[in-house]
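The values are calculated or read from the model by the stated rules, or taken from the named source; none is laboratory data. Only a predicted model underlies this, so the values are computations on that prediction, with no experimental measurement involved. FYI the Cβ positions are ideal-geometry reconstructions off the backbone, even for glycines, and counts take in every protein chain you see.
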Amino acid sequence: MSPLKGFFNSSVARKFWMAITGLFLITFLLVHLGVNLVMFAGKDAFNQATHFMATNPLIQVMQYVLAAGFLVHIIMGIKLTMQNKAARSVGYAYENAAANSSWSSRNMIISGGLVLVFLILHMRNFFYEMKFTENIGTYTLDGVVLHNDFLLVSSLFTTWYYVVIYVLAFIALGIHLNHGFQSAFQSAGWKNSNWKGLMQTVGTVFSAIIAIGFSAIAIYFFLNPAQ
Amino acid sequence: MSKLDSKIPAGPIKDKWTNHKNNINLVNPANKRLIDVIVVGTGLAGGAASASLAEMGYNVKAFAYQDSPRRAHSIAAQGGINAAKNYQNDGDSTYRLFYDTVKGGDYRAREANVYRLAEVSASIIDQCVAQGVPFARDYGGLLDNRSFGGVLVSRTFYAKGQTGQQLLLGAYSAMNRQIAKGKIAMHNRHEMLDVVIVDGKARGIIARDLITGKIERHSAHAVVIATGGYGNVFFLSTNAMGSNVTAAWKIHKKGAYFANPCYTQIHPTCIPRSGDHQSKLTLMSESLRNDGRIWVPKHKKDVDAIRNGTLKPTQLAEADRDYYLERRYPAFGNLVPRDVASRAAKERCDAGFGVNATGEAVYLDFAAAFVRYGKEKAHVSGLHNPSEEKILELGREVIKSKYGNLFQMYEKIVDENPYMTPMMIYPAVHYTMGGIWVDYNLQTTIPGCYAAGEANFSDHGANRLGASALMQGLADGYFVLPYTIGDYLANEIRTGTIPTDSPEFDAAEKNVTDTINKMMNIKGTKSVDHFHKRLGKIMWDNVGMARNVEGLKEAMAEIKSIREEFWKDVKIPGTANSMNAELEKAGRVADFLELGELFAKDALDRNESCGGHFREESQTEEGEALRNDKDYAYVSAWEYKGEPADAVLHKEELEFNDIELKQRSYK
Amino acid sequence: MSSNKDMDLLLKIWRQADANSKGELVDYNVTGISPDSSFLEMLDVLNEQLVEKGQEPVVFDHDCREGICGMCSLFINGEAHGPGDQITTCQLHMRSFNDGDTIYIEPFRATAMPVIKDLVVDRSSMDKIQQAGGYVSVNTSGNTQDANALPIPKADADAAFDAATCIGCGACIATCKNASAMLFLSAKVSQFALLPQGKVEAADRVKNMVRVMDEEGFGNCTNTGACEVECPKGISLDNIARMNREYLSASLAD
């Protein structure tokens, strides 16, 4: 075996990389939610935060790492799913999977797939608008030119169907995380029965925070449109 | 007598094996690569032999009817494995294990073989630990022991109630290492249907591929039969459904003498039958008798009340219970040997004290053990004045850690919680001490054909002590056969590969094919199981725990007529050239129908009671077994002569130089 | 739980002539089944009926019928070894069903465990995984050191035993939506990783066993935990985590 081959190319390794990229994306979600929650502090605070994110050199570098993380997670996920389908070429006529496992654990490709579709829409809604258009107005605060990202975000959520789509996507994300969080620790080998219960609880609480936190912003600005 | 040379080495018993090993021929490592050995059966004996022979350099061809060597029925052995390690410092020694085994076998075993078994027993434990077998350990990290029936020391090593499993998986892993190296060619889902004899030597086998139905020829310089016992002749037994006598019977028909077929172990602690649908019986490990007390009610009225459900066994007062083993055998109590415990249960049930609907069950009660362990545990955990409930709870935990899987197994089958109500048990056919006659080298009366493990007759006499089957299987496979077979193979180094296109192979294959075609073409009206059940019933009724001359004669006649009917009226659907479970069963039952008659004939010949063989004509006034050393201190080795009834008896006289012959007493 | 009354059942059983044929579910009615009989004894009754009619009986793997050999392998009503925790098919009793029930009986399914006939599957791929390293490389000389020369902490010995109780039935694979063999493999890796005897070659063992598992075409573990629930011996998911750990550190050390 060539050096480190097993570390990149085997069933266990693929799961490890799913886990590592997953945990990395989880960290990203935390940062993302943290920035978003600043919206509740008002327009200027949020725009300052996005300005920081758009200009900080470390964050700029991390953007590419993040993109890579997404790509690896998505491509690996699809590849694993295809392999797993091939591993049972003839299926069962009758399956009672609910007797032994949770829906979320069995359907990561569905919850993940929904999140991916959402991600594309989300990138179009915000990333594209912010990076590739001049549609966002600017203003100066304390001598710094800020983009009014606050307006971009808050105005999107005045449209009811965007709110519905986003909230549904956040629920899918929560479901994905509910299994993904603790699963990542298992795949990386950082789990045993003593910690299992705690990790599951932390994972569920975390998923709920992510899903509710993001949804709260969408719903809040639908109910309280910014002027 | 010409062929019955037991080849026991000269010298004092404790030096025999060492001297023998020093004097037998060896095969040089380079020459071992030129020699093929066939091993049929991959349980403890066959698996261990295959692995060891392959490690030594022989080319091994191993055969199992299951889909993997790991499934052999050795895996079901629960309680443990004996070894004279004396780790408990309770006075154990090689001699004591030897003595207990000969005495337990009711002085019908060959001394030299048993001594060798005791001698190598300690190596088995060392070997298995080195292989990574996870035996039970105490808190100091050292190996733990428990006691088994018929002995006064703790020498049984165990892995919960799954010792056989762990030992077999150890042998299986050793095999896997050699399969990976290409030194063992493993033939799963293959059944041996004949042995091929060329120039008077075993040179190969004919086997059926159970998936395709293809009849195959396999050649070798020697053939080892390690296919276990024939308890399934009783239809209901604790053996696996597929356990059979076929390989052993085929070599018997080709010249291997069959020894002591009537020595059958009826194990006292099995789950009682529940009805006619039953396909097999399940053992509850003998180790349970360490902690369980066996009883039936003292009075018939209580028996009736229990049977019709108005009285629960837990409600019956101590004074109204008959702990019959403790009463009859105060010295050994509940830990008397298996044959004694089984007969005592039968005696009580025949007298009408059986506690279930069929009248064939006695209680195995752990209540006293719950209290004893509970108090101990409470003491250790510093609980003062614990409540009775608390003591019971703690006690149940201790029992659970010792026998959890057995209790769970019981509950799954019987649907009663044995932590809350006593278990019900009844004797069932479990092991056959009889088998292919072998000399000290484990060679049968066919040169080049060996028999190991339960398939041979050699070490247990008329009754096997608990935890000794695993010991014998592994001793034969790891430490005896790999040496002794070299003595024979040393003369085969110039033979070269045995061709499979010889007339002998042609004839053997034709014989197999003809038999299969004959069976398939009967196209009768009754299923294989129909005949098997009838055979089992006559065996159990007439050749079971108690035997007498009329019953045995009747059994011989009856089995013969069932056999004739079988060959006229059996119905086997499907084809011979595909997977066909009915055809497989038919072949096995056909052989059982011959063996059963020889079995009864052997029991008839032996007009004494010894070990598992109880002749009603030979008992003391108290109803205890009465052995007759003057007339029957021999091994019965039967030579095949066409019909089982025509088999010719050869006697191997047993000499006891190191143990005094005594009437067994466990009082 | 049903009463003591005998049951009538509709069975939907997978019939397939051989590995290359196409199979299908076939309906069979059985009557008068005692709730005290085991599931396999119920199939015995069916087969006896089929033989009487001159039809080929349903072939299924079974041997010890006491839950330890690992031979029996049925997927019953959507679950490996049917309803009930920590039992094999042979330990499943008909009292778990009700009169009038319809029961689906299918073979264990995985690409790496193809059907041989009816309900019998080929599990030799599992043996191949074991052959890749599921052993301690010690010859049977009998001249190893004394068994008590190497004390092993009771907790380690017990954990190794728990892992070693795997019966190799394949229920974990059959149950896993990915047909992954991780629980099976990890049980053996864990047993030896926990014992000093096994540690010597632990790194090579886990790498080789995982490689063969992948080559045999088993799926990847997605941590659904179904295997642990359906395992007749209750082998813990901890073993998979331990194996992942062993594997990752072993392959990093390459």
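Listed by first and then second residue, the pairs with beta-carbon distance under 7 Å, at least 6 apart or on different chains, first residue in segment B:535-559 and in contact (Cβ under 8 Å) with a residue 60 or more places away in the chain and in the same structural domain as B:Lys585 (by TED's automatic domain parsing), second aliphatic (A, V, I, L, M) and surrounded by fewer than 18 Cβ atoms within 10 Å (Cβ to Cβ), are B:Met556/B:Ala645.
Can you work out which of the residues in segment C:146-165 that are more than 23 Å from C:Cys231 (Cβ to Cβ) and in contact with a helix residue (DSSP H, G or I) (Cβ under 8 Å, 6 or more places away or on another chain) is modelled with the lowest pLDDT? Per the stated criteria, the residue is C:Leu150. Do we find that B:Gly434 is of a type in the set (Gly, Ala, Ser) and free of Cβ contacts under 8 Å to residues at least 60 places away in the same chain in this structure? Here the answer is no, as B:Gly434 does not meet what is asked.
Let's see how each residue does on (1) surrounded by 20 or more Cβ atoms within 10 Å (Cβ to Cβ); (2) out of contact with any Phe, Trp or Tyr (no Cβ under 7 Å at 6 or more places or on another chain); (3) more than 10 Å from chain B (Cβ to nearest Cβ):
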site: C:Ala157; (1), (2), (3): yes, yes, no
site: C:Ser180; (1), (2), (3): yes, no, yes
site: C:Cys227; (1), (2), (3): yes, yes, yes
site: C:Leu237; (1), (2), (3): yes, yes, yes
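Of the helices (runs of 4 or more DSSP H) lying entirely inside segment B:301-401, those containing at least 1 residues that are touching an Asp or Glu at 6+ places or on another chain (Cβ under 7 Å) and assigned by TED's automatic domain parsing to the domain that holds B:Asp291 span B:338-350, B:367-380. Within segment C:185-198, the presence of a residue that is within 10 Å of chain A (Cβ to nearest Cβ) and closer than 19 Å to A:Ser89 by Cα is excluded.
Results for (1) in contact (Cβ under 8 Å) with a residue 24 or more places away in the chain; (2) in the same structural domain as B:Gly574 (by TED's automatic domain parsing); (3) at positive phi, shown as yes or no for each residue.
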position	(1), (2), (3)
B:Arg588	yes, yes, no
B:Phe592	yes, yes, no
B:Leu595	yes, yes, no
B:Asn628	no, yes, no
B:Lys651	yes, no, no
B:Asn657	yes, no, no
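Select, from B:Trp295, B:Trp249, the only residue that is closer than 17 Å to B:Pro427 by Cα, modelled with pLDDT of 95 or more and surrounded by 22 or more Cβ atoms within 10 Å (Cβ to Cβ). Selected residue: B:Trp295, the only one of B:Trp295, B:Trp249 that is closer than 17 Å to B:Pro427 by Cα, modelled with pLDDT of 95 or more and surrounded by 22 or more Cβ atoms within 10 Å (Cβ to Cβ).
Scanning segment B:123-136 for residues that are under 27 Å from C:Cys64 (Cβ atoms) and outside any loop (DSSP other than H, G, I, E, B) gives B:Ile124, B:Ile125, B:Gln127, B:Cys128, B:Val129, B:Gln131. Suppose the filter is more than 15 Å from the chain's Cα centre (by Cα), part of a helix (DSSP H, G or I) and either surrounded by fewer than 18 Cβ atoms within 10 Å (Cβ to Cβ) or on the phi < 0 side of the Ramachandran plot (or both); does A:Asn135 pass it? It is false that A:Asn135 is more than 15 Å from the chain's Cα centre (by Cα), part of a helix (DSSP H, G or I) and either surrounded by fewer than 18 Cβ atoms within 10 Å (Cβ to Cβ) or on the phi < 0 side of the Ramachandran plot (or both).
Taken over segment C:74-92, the criterion of being in contact with a Ser or Thr (Cβ under 7 Å, 6 or more places away or on another chain), touching a residue at least 60 places away in the same chain (Cβ under 8 Å) and assigned to a loop (DSSP other than H, G, I, E, B) is satisfied by C:His81 alone. If the condition is being within 9 Å of another protein chain (Cβ to nearest Cβ), among the small types (Gly, Ala, Ser) and touching a residue at least 12 places away in the same chain (Cβ under 8 Å), then segment B:172-198 contributes B:Ser173, B:Ala174. Taking the stated definitions as given, is B:Trp567 in a strand (DSSP E or B) and out of contact with any Ser or Thr (no Cβ under 6 Å at 6 or more places or on another chain)? No: the conditions fail for B:Trp567. Of the numbered criteria (1) surrounded by 24 or more Cβ atoms within 10 Å (Cβ to Cβ); (2) touching a strand residue (DSSP E or B) at 6+ places or on another chain (Cβ under 6 Å); (3) hydroxyl-bearing (Ser, Thr, Tyr); (4) farther than 23 Å from B:Cys610 by Cβ, the one B:Thr500 fails is (1).
Checked against the criteria, B:Lys300 counts as more than 30 Å from B:Arg534 (Cα to Cα) and either among the basic types (Lys, Arg) or touching a residue at least 60 places away in the same chain (Cβ under 8 Å) (or both).
Among the residues of segment B:152-162, some residue qualifies, meaning at least one is among the β-branched types (Val, Ile, Thr) and not in a helix (DSSP H, G or I). Go through segment C:199-210 and give me each residue that's more than 20 Å from the chain's Cα centre (by Cα) and facing chain A (nearest Cβ under 7 Å). Passing the criteria: only C:Lys207. The residue that is surrounded by the fewest Cβ atoms within 10 Å (Cβ to Cβ), among those in segment C:125-137 that are under 17 Å from the mean Cα position of the chain (by Cα) and more than 7 Å from chain B (Cβ to nearest Cβ), is C:Lys128. How about segment C:1-58: which of its residues are more than 9 Å from chain B (Cβ to nearest Cβ) and assigned to a helix (DSSP H, G or I)? Scanning segment C:1-58 gives C:Phe39, C:Leu43, C:Leu46, C:Gln49.
One line per residue, one yes/no per condition, for (1) over 26 Å from C:Thr111 (Cα atoms); (2) within 14 Å of chain C (Cβ to nearest Cβ); (3) part of a helix (DSSP H, G or I):
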residue: A:Val61; (1), (2), (3): yes, no, yes
residue: A:Leu71; (1), (2), (3): yes, no, yes
residue: A:Leu80; (1), (2), (3): no, yes, yes
residue: A:Lys85; (1), (2), (3): no, yes, yes
residue: A:Tyr94; (1), (2), (3): no, yes, no
residue: A:Ala98; (1), (2), (3): no, yes, yes
residue: A:Ile110; (1), (2), (3): no, yes, yes
residue: A:Val117; (1), (2), (3): yes, no, yes
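Yes or no: segment C:104-123 includes at least one residue that is buried (at least 24 other Cβ atoms within 10 Å of the Cβ), part of a helix (DSSP H, G or I), of a type outside the set (Ser, Thr, Tyr) and in contact with a Ser or Thr (Cβ under 8 Å, 6 or more places away or on another chain). No: zero hits. Can you tell me which residue among C:Gly217, C:Gly168 is surrounded by fewer than 22 Cβ atoms within 10 Å (Cβ to Cβ), part of a loop (DSSP other than H, G, I, E, B) and small (Gly, Ala, Ser)? Only one candidate qualifies: C:Gly217. Can you spot a residue in segment C:39-59 that is in contact with an Asp or Glu (Cβ under 8 Å, 6 or more places away or on another chain), in contact (Cβ under 8 Å) with a residue 40 or more places away in the chain and not assigned by TED's automatic domain parsing to the domain that holds C:Cys176? Looking through segment C:39-59, at least one residue is in contact with an Asp or Glu (Cβ under 8 Å, 6 or more places away or on another chain), in contact (Cβ under 8 Å) with a residue 40 or more places away in the chain and not assigned by TED's automatic domain parsing to the domain that holds C:Cys176.
Across segment A:191-207, the qualifying residues are those that are within 14 Å of chain C (Cβ to nearest Cβ) and part of a helix (DSSP H, G or I), and the one among them that is nearest to A:Leu30 (Cα to Cα) is A:Gly203.
Any residue at all in segment B:420-430 that's within 14 Å of chain C (Cβ to nearest Cβ), closer than 30 Å to B:Glu653 by Cα and touching a residue at least 60 places away in the same chain (Cβ under 8 Å)? Yes, there is a match, as at least one residue in segment B:420-430 is within 14 Å of chain C (Cβ to nearest Cβ), closer than 30 Å to B:Glu653 by Cα and touching a residue at least 60 places away in the same chain (Cβ under 8 Å). Across segment C:213-225, which residue is nearest to the other protein chains (Cβ to nearest Cβ) among those that are over 16 Å from the mean Cα position of the chain (by Cα) and closer than 14 Å to A:Ala97 by Cβ? Ranking the candidates gives C:Thr224 first.
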